[in-house]
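K.L.:
Pasting in a structure now, in structure tokens, and then I'll have a few things to ask.
Values quoted throughout were computed directly from the atomic coordinates according to the rules given, and no laboratory measurement underlies them. These numbers come from a predicted model, not from an experiment. All Cβ positions, glycine included, derive from the backbone under ideal geometry; neighbour counts span all protein chains shown.
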Amino acid sequence: MNKPRETFNSRMGMLMAMAGSAIGLGNIWRFPYMMGRNGGAAFILIYIIMLVVLCLPVMVSEYLIGRRGGFNPFSSFDRLAPGSKWRWIGFLAVLSSACILSFYCVVGGWSVKYLLDSCTLAFSNPHSDYAAAFGGFIGSPFKPLLYTLIFLGLTGLIIVFGVHKGIERMSKIMITVLFVIIVLVVVRSLTLPGAVDGVRYMFVPDFSKVTAGTCISAMGQAFFSLSIGCGTILTYASYVSKQENILASSAWISFFDTLFAIIAGLAIIPAVYAIAYMNGVEPDVSAGPGLVFITLPGVFSQMPLGGVVAILFFLALLLAALTSAISLMEVVVAFIIEELRRSRARAVLMSFLVCGVVGVFCSLSFGPLEGFKLFGLSVFDFFDYITSNIMLPVGGLLLAVFAGWRLKRANYLDELTNGGKLNIPRWLALTIYYLVKLVAPVGISLIFLNCLFS
Ligand code: TRP
């Protein structure tokens, strides 16, 4: 730690990196099928409420802790509450990030494979059995492992170049390309005959599908999608200058992330409706994780210009996954650099090895290790479940409790307003503070307990 810590060079770069972290498989792969299962627009509505009331305050706090602490999660907590046990929350965050990355890179690997396949026109035959092809691929004992490691390798390659030259620069490029591509895909999807029913499905709420489970799913999805609760925002925030407006940045990132999830829905759901009508069958958008990798290839094979759209779509998926994966790996890398005093290159290699090994086990759980269960779940599902439904909400809860109860109110407000330099109205600053101190911890606990006992 002799060299001064790197920082993001511009506000735009910082926002793009954070938005890149938030926008990911969670938006393109998870959000549409969550929505499909939970009543379409009704889910969006609940999601937005969760976002504003519970997640935005947690995000502001995580940002604030990172910027005030100025280090990786472990040391940031230690600096803000010297010598206390709180730093182990920081450690938990690093651990959660590593766990998420370990299964995230498996799906990232699938997107590499599907991008390559779409380039060789693999999705041009309407009579292929795409479900069997997908099942065969993810279940094979060798190929998906290779793609998982390729994806993880790409992630590491970007991080080796550091915060400015690697993360910031690449996020800026990738997020820009991503937006352009996804808009093109939306245009294609919406101009198919019958697409309008898909749009109606997305925006007309069906409250009959809303249950207590919807609320926990919406909260879990919001935590996952915003990248909060496991130190990603905290680590990125430690590279942010003291002049930035924490509240405005957090609001922008949340807004972009939600906007992108809805745009991704518009790219996928209307197309699924249109092609289903064309074939005279009922559209099924609640197909779960298979929506993107099974339903969509079938959809592409039947739509005019489908070959090009497939390439664009899977490229978008890969870019979105990469910008998120770098944010996850950076948490682990920053921890190794600052706590274990290794060079950046060594730290990247170590993270690659650890997440690669766990990732390989996650991937094998779709094939040779299918019968091996942890608490009744396959290795992949286990990591997905414990991170989204337990570690992230618990991490978010602890972050909010720390920010609301351990940091002094004056310090919280001081950091939020950059020492009084920003003119954030006092009522707004106080509202955020009390959302963090009271509403977020109570809300998260209630939803969490409800889920544990039902
Ligand atoms: N938010 C990303 C997505 O939507 C994934 C992600 C990146 C993440 N960093 C995270 C999820 C931290 C939880 C915590 O795909």
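K.L.:
For the range 1-103, which trypsin sites (Lys or Arg not before Pro) are both in a DSSP coil and crowded by at most 12 other Cβ atoms within 10 Å?
P.N.:
Those satisfying the criteria are LYS85.
K.L.:
Only four residue types carry charge here, +1 at the Cβ of Lys and Arg and -1 at the Cβ of Asp and Glu. Report the dipole size of the chain about the Cα centre in Debye, rounded to the nearest 20.
P.N.:
So the magnitude is around 1500 debye.
K.L.:
Please give me the summed charge of the neighbours of ALA218: other residues whose Cβ is under 15 Å from its Cβ, Lys and Arg +1, Asp and Glu -1. Display every interim value, and only then the final one.
P.N.:
Details: positive: ARG30, ARG37, LYS209; negative: ASP206, ASP257.
So the environment of ALA218 carries a net charge of +1.
K.L.:
Report the full-extension gain for the segment ARG79 to LEU157: residue separation times 0.36 nm, less the Cα-Cα distance, to one decimal in nm.
P.N.:
Contour length minus Cα-Cα distance gives 25.0 nm.
K.L.:
Then there's this: Would you mind checking which residues have amide H under 5 Å from LEU374's amide H? H placed 1.01 Å from N; only 5 or more apart, or other chain.
P.N.:
Correct list: VAL379.
K.L.:
For the charge dipole of the range 375-454, defined by +1 on Lys and Arg C-beta atoms and -1 on Asp and Glu C-beta atoms about the Cα centroid, which residue among LEU392, GLY404, ASN423 has the Cα displaced farthest towards the positive pole?
P.N.:
ASN423
K.L.:
Compute the helix-to-body angle for 344-364: its Cα long axis versus the longest principal axis of the chain, expressed 0 to 90° and rounded to tens.
P.N.:
Approximately 40 degrees, to the nearest 10.
K.L.:
Could I ask something else about it? Over the range 320-445, what is the mean sequence separation of C-alpha contacts under 8 Å (at least six apart), divided by residue count, expressed as relative contact order in percent?
P.N.:
16
K.L.:
Using a 10 angstrom Cβ neighbour count of at most 15 plus a DSSP loop assignment to flag exposed chymotrypsin sites (Phe, Trp or Tyr not before Pro), which longest range of the chain is free of such sites? Please list the in-between numbers first.
P.N.:
On the way: sites that count: PHE142, PHE161, PHE372, PHE375.
By the stated rule (loop sites, at most 15 other Cβ atoms within 10 Å), 162-371.
K.L.:
So, with +1 on the Cβ of K and R and -1 on the Cβ of D and E, and no other charges, what is the size of the charge dipole of the range 383-435 about its Cα centre, to the nearest 20 debye? Walk me through the numbers on the way to the answer.
P.N.:
Values: 5 positive and 3 negative charges, 60 e Å.
So the dipole magnitude of the range 383-435 works out to roughly 280 debye.
K.L.:
Of the options SER351, PRO270, LEU25, report the single residue whose Cα projects farthest towards the positive end of the charge dipole of the chain (beta-carbon charges: Lys, Arg +1; Asp, Glu -1).
P.N.:
Going by the charge dipole, the pick is SER351.
K.L.:
Moving on. FRET efficiency for TRP88 and GLN243, Cβ-Cβ distance as r, R0 = 35 Å, nearest 0.05? Could the numbers behind the result be given before it?
P.N.:
On the way: r = 31 Å, r/R0 = 0.90.
Using R0 = 35 Å, I get an efficiency of 0.65.
K.L.:
With 10 angstrom as the radius, rank THR387, THR191 by how many other C-beta atoms surround their C-beta, starting from the fewest.
P.N.:
Fewest to most other Cβ atoms nearby, the residues stand as THR191, THR387.
K.L.:
From the residues THR148, ALA98, GLY136, which one has its Cα farthest along the dipole of the range 1-153 in the positive direction, the dipole being from +1 and -1 charges on Cβ of Lys/Arg and Asp/Glu about the Cα centre?
P.N.:
ALA98
K.L.:
May I pose another question? How large is the charge dipole for the range 313-394, taken about the Cα centre, if only the Cβ atoms of Lys, Arg (+1) and Asp, Glu (-1) carry charge, to the nearest 20 debye?
P.N.:
Details: 5 positive and 6 negative charges, 62 e Å.
Charge dipole, the range 313-394, about its Cα centre: 300 debye, nearest 20.
K.L.:
Hey, another quick one. Can you give the log10 of the normalised intensity I(q)/I(0) at q = 0.10, 0.11 Å⁻¹, computed with Debye over equal Cα scatterers of the chain?
P.N.:
Each listed q corresponds, in turn, to -0.69, -0.83.
K.L.:
Now for a different question. Sum up the charges of everything whose Cβ sits under 13 Å from the Cβ of LEU149, counting Lys and Arg as +1 and Asp and Glu as -1, but leave LEU149 out.
P.N.:
+2
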